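All remarks here apply to the structure that follows.
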Amino acid sequence: MLRTTQLRSFNKRNQTTELSNSELIELVPAIGATEAHKDVSDKYSFLPTIEIVDSLRDYGFVPIMVNGANVRKKDKVGFAKHEIRFLKKGLEIADGERLDISVINSHDRGSSVILTGSVWRKICGNGLMVPSELFNYSHRHVNFSMEEFLNSTERIVENASVIADEVDNYKNIELTQQERSIFAESAKIDLLDGSNFDMDSNQLLRHKRYDDNGNDLWTTFNVVQEHIVEGSYRKKNKETNKTTKAKAIKNIDRNQKVNKGLWNLTTKMAELKKAA
């Protein structure tokens, strides 16, 4: 299997340093593609990712992290799905937390242009995808409009206060140990394929640093997310009884699914606590 370079992934770096266009292309060559894959239709509008990068730079967003999809077919190298995370000064929503945006694109019909708002935490480098419609936009390659894409970006920026209020609400919700265990078990059932293995979901609640030694919903959410994305838990195969360490999530689609799923789970827990 061929693999694209993943030197700066969303899973491992507290990255805030701006990447140049040449660095982006070196890390993930598909970002510099000059044409679409040969198998796309005549209706497909090729959209150079680097044009998106330049347009967002003009808007004040700078690229800071990249991730490229694994490629199984040789002819897809340089065209496959890729993701770039952007930072803009002034979008801090709390001390040590800010609102970034994530852009996904491909040149082989593997993805539309997907724009997502994401909360970044300084202490752990977590990027938490927000599933709300206010922070998620998909633009097809057919009749793509850069103006509409930038309008979507503007809507995310305009609603930064909405997400700030939501985060603040989660920070003020204290969970009992039983509730935290229920949260972790729900994350295991909903987001991890547990059909072939057993695991103690309380592993997901072990904090890695002093600042995460809290019982509020926001901290619990972040601790669980970090364990799942980094694969820092152990599981036992039901057939062989062999215990192994989980693997970090590097797949772009899987990372989005887990992050948005955890945010939805956090929202549901907040609603249950409010109704109690």
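The values are calculated or read from the model by the stated rules, or taken from the named source; none is laboratory data. Please read these numbers as outputs of a predicted model, since none were measured by experiment. A quick note on method: Cβ atoms are made from the backbone with ideal geometry, for glycine too, and the neighbour counts reach across all protein chains shown.
One table, with the values for the structure above:
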{"read-out": "Count of residues meeting criterion [more than 22 Å from Ala248 (Cα to Cα) and loosely packed, with under 15 Cβ neighbours inside 10 Å] in the range 172-199", "value": "5"}
{"read-out": "Residue match in the range 222-232 (condition: within 28 Å of Ala69 (Cβ to Cβ) and touching a Cys at 6+ places or on another chain (Cβ under 8 Å))", "value": "yes"}
{"read-out": "Residue tally, condition exposed (fewer than 15 other Cβ atoms within 10 Å of the Cβ), at pLDDT 65 or above and over 22 Å from the mean Cα position of the chain (by Cα), over the range 1-44", "value": "8"}
{"read-out": "Every residue from the range 192-215 that is assigned to a loop (DSSP other than H, G, I, E, B) and of a type in the set (A, V, I, L, M, F, W, C)", "value": "Leu192, Met199"}
{"read-out": "Filter pass, Ser201 being of a type in the set (S, T, N, Q), more than 23 Å from Thr16 (Cα to Cα) and touching an Asp or Glu at 6+ places or on another chain (Cβ under 7 Å)", "value": "yes"}
{"read-out": "Criterion: touching a helix residue (DSSP H, G or I) at 6+ places or on another chain (Cβ under 9 Å), among the charged types (D, E, K, R), in the same structural domain as Gly117 (by TED's automatic domain parsing) and without any contact (Cβ under 8 Å) to a residue 60 or more places away in the chain - qualifying residue of Arg155, Arg234, Arg180", "value": "Arg155"}
{"read-out": "Extreme residue, farthest from Gly78 (Cα to Cα), among residues of the range 15-44 that are among the charged types (D, E, K, R) and in contact (Cβ under 8 Å) with a residue 40 or more places away in the chain", "value": "Glu18"}
{"read-out": "Unique residue being modelled with pLDDT of 90 or more and over 30 Å from Leu115 (Cβ atoms) when the list is Leu204, Leu272", "value": "Leu272"}
{"read-out": "Number of the condition not met by Ile189 [criteria: (1) under 14 Å from the mean Cα position of the chain (by Cα); (2) at pLDDT below 90; (3) farther than 27 Å from Val77 by Cβ]", "value": "(1)"}
{"read-out": "Leading residue by the ranking (surrounded by the fewest Cβ atoms within 10 Å (Cβ to Cβ)) among those in the range 64-79 that are within 21 Å of Asn136 (Cα to Cα) and not polar (S, T, N, Q)", "value": "Ile64"}
{"read-out": "Residues being aliphatic (A, V, I, L, M) and in a strand (DSSP E or B) - total across the range 37-68", "value": "4"}
{"read-out": "Identity of the residue in the range 45-63, among the small types (Gly, Ala, Ser) and in contact (Cβ under 8 Å) with a residue 40 or more places away in the chain, that ends up surrounded by the most Cβ atoms within 10 Å (Cβ to Cβ)", "value": "Ser55"}
{"read-out": "Complete set of residues in the range 207-221 that are closer than 22 Å to Ser118 by Cα and modelled with pLDDT of 90 or more", "value": "Asp216, Leu217, Trp218, Thr219, Thr220, Phe221"}
{"read-out": "Residues within the range 69-89 that are in a loop (DSSP other than H, G, I, E, B) and touching a helix residue (DSSP H, G or I) at 6+ places or on another chain (Cβ under 9 Å), tallied", "value": "7"}
